[in-house]
Amino acid sequence: FFSGTWFVTHAKNGSSTILCREITLTKKGDTVESDTKGKFKQGKTRTEYTVHCTGKENKGKVPFKCTREEGGRSIKQNNEYDEEFTVMATDYTNYAVVCTKKAKQGNEENVLIINKRKDAEFPSAASDLLKKLDLKSETLKARKSFDCE
């Protein structure tokens, strides 16, 4: 699972900042690296950002240490944070359901559906898991609702 490029296609919470993410994962031993590229708009200005995270995987959970940069420069404030990345379900080929939790921001939690294709529809195989989480696919935010290009 921890290899290649994945796209966030659906999310419990979020705007283009979450849903326009492209996540590249690599794993060497039990060390996982995540390089995320994303975009967000403030007014008419579109800003690109990158987040580099590193952590040790243990049974599908990775406690990441992350650093964020915007527009090619490191942000001076709040650019480093801890995030827990948990794989809740995956078919190892096309999709995964992951939970992300930022430690210092009130345990801000989100459920993401990530896919190998950025234009992928909601994976029906994830429906049962969402029901257990009291979520429905139609209540999730979708990537196709945002201008990610």
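Annotation: Leu112 fulfils all but one of (1) touching a His at 6+ places or on another chain (Cβ under 9 Å); (2) at positive phi; the unmet one is (2).
The single residue among Lys116, Lys131, Lys56 that is more than 18 Å from Trp6 (Cα to Cα) and at pLDDT 95 or above turns out to be Lys56. Scanning the range 122-138 for residues that are touching a residue at least 40 places away in the same chain (Cβ under 8 Å) and not small (Gly, Ala, Ser) yields Phe122, Leu129, Leu135. Would you point out the residue of the range 87-108, among those that are touching a strand residue (DSSP E or B) at 6+ places or on another chain (Cβ under 6 Å) and without any contact (Cβ under 8 Å) to a residue 12 or more places away in the chain, that is farthest from Leu140 (Cα to Cα)? Selected residue: Asn107.
Regarding Glu84, is this residue closer than 27 Å to Thr139 by Cβ and surrounded by fewer than 14 Cβ atoms within 10 Å (Cβ to Cβ)? When the stated conditions are applied, Glu84 does not pass them.
Of the numbered criteria (1) within 18 Å of Asn13 (Cα to Cα); (2) in contact with a strand residue (DSSP E or B) (Cβ under 8 Å, 6 or more places away or on another chain); (3) of a type in the set (Lys, Arg), the one Arg117 fails is (1). The residue list Thr24, Thr5, Thr9 contains one member that is within 12 Å of the chain's Cα centre (by Cα), buried (at least 17 other Cβ atoms within 10 Å of the Cβ), among the β-branched types (Val, Ile, Thr) and modelled with pLDDT of 95 or more, which is Thr9.
Conditions tested, residue by residue: (1) surrounded by 14 or more Cβ atoms within 10 Å (Cβ to Cβ); (2) touching a helix residue (DSSP H, G or I) at 6+ places or on another chain (Cβ under 7 Å); (3) over 20 Å from Ser15 (Cα atoms).
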{"residue": "Asn58", "(1), (2), (3)": "no, no, yes"}
{"residue": "Ala96", "(1), (2), (3)": "yes, no, no"}
{"residue": "Thr139", "(1), (2), (3)": "no, no, no"}
{"residue": "Glu149", "(1), (2), (3)": "no, no, no"}
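The values are calculated or read from the model by the stated rules, or taken from the named source; none is laboratory data. These figures come from a predicted structure and were not determined experimentally. When we count neighbours, we look across all protein chains shown, and the Cβ atoms used for this are built from the backbone with ideal geometry, even at glycine.
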